[in-house]
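The values are calculated or read from the model by the stated rules, or taken from the named source; none is laboratory data. If you're wondering where the values come from, they're calculated on a predicted model, not measured in any experiment. Every residue, glycine among them, receives a Cβ derived from its backbone with ideal geometry; neighbour counts consider all protein chains shown. Keep in mind that these areas ignore ligands, DNA and RNA; they rest on the heavy atoms of the full protein, side chains included. Shrake-Rupley method; radii C 1.70, N 1.55, O 1.52, S 1.80 Å.
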2 protein chains.
Amino acid sequence: MTKREEIIQIGARLFSKRGYAATSMRDLAREVGMEPASLYNHIKSKQDILDDCLMMLAQLYADSMQKASELDLSALQKLERVIHDQIDISLTHPTKVSLIPAEWVHLEKSKQQFIGIRNHYEEGFKQLLLQSIAEGDIRKVNIELTTFSILSTLRWLHNWYDVEGQLSIDELKNELTQNLIEGIST
Amino acid sequence: MTKREEIIQIGARLFSKRGYAATSMRDLAREVGMEPASLYNHIKSKQDILDDCLMMLAQLYADSMQKASELDLSALQKLERVIHDQIDISLTHPTKVSLIPAEWVHLEKSKQQFIGIRNHYEEGFKQLLLQSIAEGDIRKVNIELTTFSILSTLRWLHNWYDVEGQLSIDELKNELTQNLIEGIST
DNA sequence: CCTACCGATCGGTAGG
DNA sequence: CCTACCGATCGGTAGG
């Protein structure tokens, strides 16, 4: 891991714990183990760290939706894929994912791009739901409400899973996917 | 509305938009229409505003659970009550509710009390699920996962509802409650 | 409710 | 990667 990656990882942890605005570069330097001024040999700015965290995740979500759309599967199976991918992303990058709900507002240059990717993802999700209804695999649910409900649950996963030692990742995937899908299946 | 209430309401709106730490008392004073120093004739501190917002909500949630528990109803009906109450609270105090996920960490004196009330509420929710299973009204679901899934959806509601002009409040209550409960009913 | 102001801390730069 | 430092801004107080 490069020093830059280490700084970004520790930064994500601090941002996650105290919030972006309330974390100072002095706090970060202390945790990394260097003087505040030295951080700037590895990163351009505080904003640079947030940017790196959130845009990296945005890319993962976009890739997930893109790949799923290209598969030769039913819409419901594609839906299960993107749900599994979201669970994987949440468990692989929990601290970065925890920044999404609250800290994306502090993005500057990348903010519009981030919003664009997020909207595109949600649009793709709704399309998969619509298709699944058309294919007869799920009931005629309210698309907006169901999308919002499923994505809310997935967005909050990082806050919940690490507190719980009961379920393995695969059990979680199965239980959670079933929980989210079964309620709307035909 | 007293001046204090006005300051707190505008404060909640700014905290909600930019975050607690990133909102300055100068920003707030400008929006309220007075000099920064004058705010302190109505509030004790910046923290005082956050405290007021979050503890007021905590009280509403606690009251909701308390009242539901005293009713002569099935556990499932009690569950529907607290879900309805949460929807009401989210729609009545959307900006204050939006502070919960990210800004409770900035509480100081009240933080432990806030966490206590939240944990007590979640415990009550799980108990209602358990009882509903015992009473044969819902399937033998994973309690932790189902609690987390329902509460996540409700917690995110404020972010979603105002963007949507389709559903009336009562339609929302019915559709959402059905969506949350139906998937786990027997 | 305002003017005037305080010490502390902020993100970041210069220069080596 | 460090020492030394900058201008800006912060939450809040004194005194009227």
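Position B:Asp72: other-copy label points at 6.5 nm, ordered by increasing distance, label point 7 Å along Cα→C-beta.
Taking a span of 27 Å or more along the helix axis (Cα atoms) and a mean Kyte-Doolittle hydropathy of at least -1.0 as the rule, the DSSP H helices of chain A that qualify are A:46-70, A:111-134. Within the straight-line cut-off of under 28 Å between alpha carbons, the lysines reachable from B:Lys67 are B:Lys78, B:Lys96, B:Lys109, B:Lys111, B:Lys126, B:Lys140, B:Lys173, sequence neighbours fewer than 8 places apart in one chain being disregarded. Counting only heavy atoms of the protein chains and using a 1.4 Å probe, B:Met34 has close to 40 Å² of accessible surface. Between the residues B:Ser16, B:Met34, B:Met1, the greatest Cα displacement towards the positive end of the dipole of segment B:1-43, with unit charges on the Cβ of Lys, Arg, Asp and Glu, is found for B:Ser16. Of the Cα atoms belonging to the protein assembly as shown, the radius of gyration and Dmax stand at 21.7, 66 Å.
State log₁₀ I(q)/I(0) for segment B:1-43 at q = 0.15, 0.23, 0.24, 0.31 Å⁻¹ as given by the Debye formula over alpha-carbon point scatterers of equal weight, solvent excluded. Here the Debye-derived log intensity ratios amount to -0.30, -0.70, -0.76, -1.17. Loop-resident GluC sites (Glu not before Pro) (DSSP state other than H, G, I, E or B) in segment A:83-154 with no more than 13 further Cβ atoms inside 10 Å of their Cβ: A:Glu108, A:Glu135. When the Cα convex hull of segment B:47-182 is projected onto planes of every orientation, the mean area is 8.3 nm². Residue ranges A:76-82, B:66-72 sort as A:76-82, B:66-72 when ordered by packing (mean number of other C-beta atoms within 10 Å per residue, highest first). Annotation for segment A:76-107 versus segment B:15-39: alpha-carbon center distance of 32 Å. Once divided by 2.2 N^0.38 Å, the Cα radius of gyration of segment A:1-113 becomes 1.23. For A:Leu130 and B:Glu123, the FRET efficiency from 1/(1 + (r/R0)^6), where r spans their Cβ atoms and R0 equals 30 Å, is about 0.20. Per the rotation superposing chains B and A, the chain B residue found at the smallest beta carbon distance from the axis is B:Gly183, 1, distance in Å.
Can you tell me which of B:Gln47, B:Gln112, B:Gln127 moves the most in a GNM of chain B? Springs connect C-alpha atoms under 10 Å apart. Looking only at B:Gln47, B:Gln112, B:Gln127, the largest GNM fluctuation is found for B:Gln112. Near A:Arg139, the amide H atoms lying under 5 Å from its own belong to A:Ser185, A:Thr186; only residues 5 or more places off or on other chains count, and H is placed 1.01 Å from N.
Between copies, the label points at B:Gly165 (set 7 angstrom from Cα along Cα-to-Cβ) are spaced 5.3 nm, reported in nanometres from shortest to longest.
Cα convex hull, segment B:114-186: 101 Å³ per residue, rounded to a whole number. Distances, shortest first, from the label point of B:Gln131 to those at the same position in the other copies read 4.5 nm; the point lies 7 Å along Cα to C-beta. Site pair B:Glu35 and A:Met25 shows an inter-label distance of 3.3 nm when each label is modelled 7 Å from Cα along Cα→Cβ.
Shown is the FRET efficiency for A:Gln9 and B:Glu108, computed with R0 = 30 Å from the Cβ-Cβ distance and rounded to the nearest 0.05: 0.60.
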